[in-house]
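The values are calculated or read from the model by the stated rules, or taken from the named source; none is laboratory data. Since the model is a prediction, treat every value here as computed from it, not as a measurement. All Cβ positions, even for glycine, are placed from backbone atoms using ideal geometry, and neighbour counts span all protein chains on display. The accessibility values were calculated without ligands, DNA or RNA, using every heavy atom of the protein model including side chains. Shrake-Rupley method; radii C 1.70, N 1.55, O 1.52, S 1.80 Å.
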Amino acid sequence: MNRGLSPTSTRPDRAPPAPCAFTLCLATPADREGICRARHEVYARELRQHPSNHGHSLRDSLDDFNTYLVAKIAGEIAAFVSITPPGAPSYSIDKYLGRAALPFPVDEGFFEVRLLTVLKAHRGRELAVLLMYAALRWVEAHNGTHVAAIGRVEILEFYLKAGLQPMGLRINSGAVSYELLHATVAELRDGISGFSGLLARLEEKTSWRLSFPFFKPASCFHGGAFFEAIGEEFDRLERSRDIINADVLDAWYPPAPGVLATLADHLPWLLRTSPPTSGAGLIKAIARARGVQPSNILPGAGSSDLIFRSLRHWLDAKSHVCILDPTYGEYSHVLENVIGCTVDRLGLDRENGFIVDLDRLRAVLQDEYDLVVLVNPNSPTGRHIPRNKLESLLGELPGRTRVWIDETYVEYAGPGESMERFAARSENVVVCKSMSKVYALSGARVAYLCAGPHQLEALRAITPPWVVGLPAQVAAVRALQDPDYYAGCYHETARLRTELSEELRKLGWAIYPGIANFLLCELPGNGPDAAEVVRRCRARGLFLRNASAMGAHLGERILRVAVKEAGIQRRLLRILEEELAASIG
């Protein structure tokens, strides 16, 4: 497998997982009794911090409201740590220091981590790291912002490596000396970066039984930074007339007149009324417009809904997937960070203008992946594989491999280029169609899958009722009823794209040819990089997409710019000219 792919994989091939060595969980009431006995053994008899007692058990008032995380081996407690949450009546540090003496606030984001303890029979680096990491995950999953601990002086180096910082305050308790330590959650995140290999091994060895995942889920970055200017609570919507949101690929034109008229006439009723449960009318309208059967269509609240819902249902951590590189970042995020698949990348060569090499794609399709994802036309490159060539390739597809074709921008490629009818009669091809970009309905969140009914059957069972809102369903149906209006918009988009390309070339930019409503651009080497251009333009109300992170080898000078109407493009170009001149001057 993996012929001609770069890199070959995001993770090495693994042997079947070994049985978990540790169980990490919340302490039960019975565990707490065992913890109290262990505390006596360690902190009274071994460290002589507290006097021994006849009950051979240590507890304090904090036990009434703290949380214990325990690591178990073969069902027995091997290590534990205590976490005191915000709003607790007191913290352990209150016994030694007044609040006024603390060099950090005790506020709603403050947690105290205490009693990090590994029982003598199990002492070693792994369990201590596992408990410290579990405490960090607990704090950040519960919206904590900073952490304090008192660390034994003898093992201070361990706490420092974890990212905690000494506050210059020494505490003595019995025969034990402690140092007051503190860090923000962000600092602790930075501190654990050096333990990534150890944490990966611990994940495989640990049965993690907390209500949040072992690793903090990564978020997927999209454009849309322009909402910073409008206001996240939409309190400056009037600014939408002034900003240029070229960092997202929304249509520059309005929805069809029939869409706007229907919404204007019926909006109060549409907003207060529940939509058809399964979207049957929307499904029929899509099927009629695309020349397929309603059983071939599954609706969703935007393509992201369908990507998350479908891929998580079909795939798991054992799955092997191939995607293009560069391509739309949602796929690598879901596959790698959410599902944990092994992901190979079919690299697209800059020297070849990012055209998909069909011979290499043919080899990939014969490698029996669980899934191959093709964004066609691709984003951010704008390149398109013609339908007749793609149908020829997919006709040779092995039965085991499912191919997902994202056709968000296919209407810009011209009529008759969609693979929907092919997918409808195929055993293993699925087309994902967003109605956001080409129908000017991004805010409505309407999309659908087109595939053989057998592929959609299981997905229907996990599709929520009312998955698409009523105003969005009505808008989509009306949009499908006016193909001539949108054909004119696509034609004008091509003209505006050519015009924008010519003007950007005059700035010394390299422009990669594409067929969608955006351009992939490379900045010259003698000027600012993409991040700097984005930053400078944002201050002027122009939002561009730094596309450098959308591929493994794009570099730091790659921008994606959305096509806009003529007047806005002139403003866009004027801002670019002025900011580039200022950056050089």
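Within the set of other residues whose C-beta is less than 14 Å from the C-beta of Ser304, count the net charge using Lys and Arg as +1 and Asp and Glu as -1.
Local charge sum for Ser304: +2.
If you plug each phi of the stretch 153-159 into the Karplus form 6.51 cos²θ - 1.76 cosθ + 1.60 with θ = phi - 60°, what whole-Hz ³J(HN,Hα) values come out, in order, with x for Gly and Pro?
Values per residue, Gly and Pro as x: 4, 5, 10, 4, 4, 4, 5 Hz.
In deg cm²/dmol, rounded to 500, what helix-only [θ] at 222 nm does the chain give when every DSSP H run of at least 4 residues adds -39500 (n - 2.57) and the total is split over its residues?
After summing the helix terms and dividing by residue count, I get -10000 deg cm²/dmol.
Through the Karplus equation 6.51 cos²θ - 1.76 cosθ + 1.60, θ set to phi - 60°, convert the phi angles of the stretch 183-197 into ³J(HN,Hα) values in whole Hz; use x for Gly and Pro.
Ordered by residue, 3J(HN,Hα) equals 6, 7, 4, 4, 5, 5, 4, 5, x, 7, 4, x, 10, 4, x Hz.
Computed FRET efficiency, Cβ-Cβ of Asn172 and Asp349, R0 45 Å: what is it to the nearest 0.05?
Using R0 = 45 Å, I get an efficiency of 0.10.
With charges only on Cβ, +1 for K and R and -1 for D and E, what is the dipole size of the stretch 184-303 about its Cα centre, in debye, rounded to 20?
Dipole of the stretch 184-303, to the nearest 20 debye: 680 debye.
Could you give each residue of the stretch 567-580 its phi-based ³J(HN,Hα) in whole Hz, using Karplus coefficients 6.51, -1.76, 1.60 with θ = phi - 60°, and x for Gly or Pro?
Karplus-based 3J(HN,Hα) across the stretch 567-580 equals x, 5, 5, 5, 5, 4, 5, 5, 4, 4, 4, 5, 6, 5 Hz.
Can you tell me how the stretch 396-441 classifies by the Cα gyration tensor, rounded, prolate or oblate, using a/c under 1.5 as the rounded cut?
prolate
Can you give the local net charge around Leu572? Use residues other than it whose beta-carbon is closer than 15 angstrom to its beta-carbon, Lys and Arg +1, Asp and Glu -1.
+3
Using Cα positions and a limit of under 30 Å, work out the lysines in reach of Lys318, with same-chain residues fewer than 8 apart set aside.
Once the sequence-local lysines are set aside, what remains near Lys318 is Lys72, Lys205, Lys216, Lys433.
Along each of its three principal axes, how wide is the spread of alpha-carbon positions in the stretch 141-265, in whole angstrom units, largest first?
80, 35, 26
Between the stretch 394-432 and the stretch 45-63, what's the alpha-carbon centroid distance in Å?
With the stretch 394-432 and the stretch 45-63 each reduced to a Cα centre, they are spaced 68 Å.
By its C-alpha gyration tensor, with a ≥ b ≥ c as the square roots of the eigenvalues, how is the stretch 122-204 shaped: rounded for a/c under 1.5, else prolate for a/b larger than b/c, else oblate?
Verdict is oblate for the stretch 122-204.
On the first, second and third principal axes, largest extent first, how far apart are the outermost C-alpha atoms of the stretch 294-359 in Å?
40, 30, 20
Given axes a ≥ b ≥ c from the Cα gyration tensor, I'd like to know whether the stretch 263-337 is rounded (a/c under 1.5), prolate (a/b larger than b/c) or oblate.
Prolate is the answer for the stretch 263-337, as a/c is 1.5 or above and a/b outweighs b/c.
Along the Cα-to-Cβ line of Phe65, 7 Å from the Cα, sits a label point; which residues in the stretch 82-97 have backbone N less than 15 Å from it?
83-95
Mind checking the per residue accessible area of the chain for me, 1.4 Å probe, whole number of Å²?
45 Å²
In µm²/s, what is D for the stretch 415-465 at 25 °C and 0.890 mPa s, where D = kT/(6 pi eta Rh) by Stokes-Einstein and Rh is the Kirkwood radius from Cα pairs?
This corresponds to a translational diffusion coefficient of 202 µm²/s.
Mean projection of the alpha-carbon convex hull of the chain over all orientations, in nm²?
The Cα convex hull of the chain, projected and averaged over all directions, gives 31.8 nm².
For the stretch 512-583, take every pair of Cα atoms, bin their distances at 5 Å starting from 0, and report each bin as a whole percent.
Values per bin, smallest distances first: 3, 16, 26, 29, 17, 8, 1.
Note down the relative contact order for the stretch 181-320 as a percent, whole number, built from C-alpha pairs under 8 angstrom at least six residues apart.
Once normalised by length, the contact order is 10 percent.
Can you work out the base-10 log of I(q)/I(0) for the stretch 83-163 at q = 0.26 1/Å, using the Debye formula on its C-alpha atoms alone?
Each listed q maps to, in turn, -1.41.
Over all pairs of distinct alpha carbons, what does the Kirkwood formula give as the hydrodynamic radius of the stretch 370-513, in Å?
So the Kirkwood estimate lands at 17.0 Å.
What net charge is computed for the residues neighbouring Cys36, neighbours being all others with C-beta under 9 Å from the C-beta of Cys36, Lys and Arg scored +1, Asp and Glu -1?
Working: positive: Arg32, Arg37, Arg39, Arg59; negative: Glu33, Asp63.
Around Cys36, the charge tally is +2.
On the protein heavy atoms, probe 1.4 angstrom, tell me the percent of accessible surface of the chain carried by carbon and sulfur. If you can, show how the numbers build up before the last one.
Details: 13660 of 26290 Å².
Taking all protein chains in place, the chain shows 52 percent carbon and sulfur surface.
Averaging sequence separations of C-alpha pairs under 8 Å and six or more residues apart, then dividing by the length of the chain, give the relative contact order as a whole percent.
This gives 14 percent for the chain.
Quote the Stokes-Einstein diffusion coefficient, in whole µm² s⁻¹, for the stretch 73-123, based on the Kirkwood radius over alpha carbon pairs, a temperature of 25 °C and a viscosity of 0.890 mPa s. If you can, show how the numbers build up before the last one.
Details: Rh = 13.0 Å.
Once the numbers are plugged in, D ends up at 188 µm²/s.
Hand me the trypsin sites (Lys or Arg not before Pro) from the stretch 371-451 located in a DSSP loop with no more than 10 other Cβ atoms within 10 Å, in residue order please.
Passing both the DSSP loop test and the Cβ count: Arg400.
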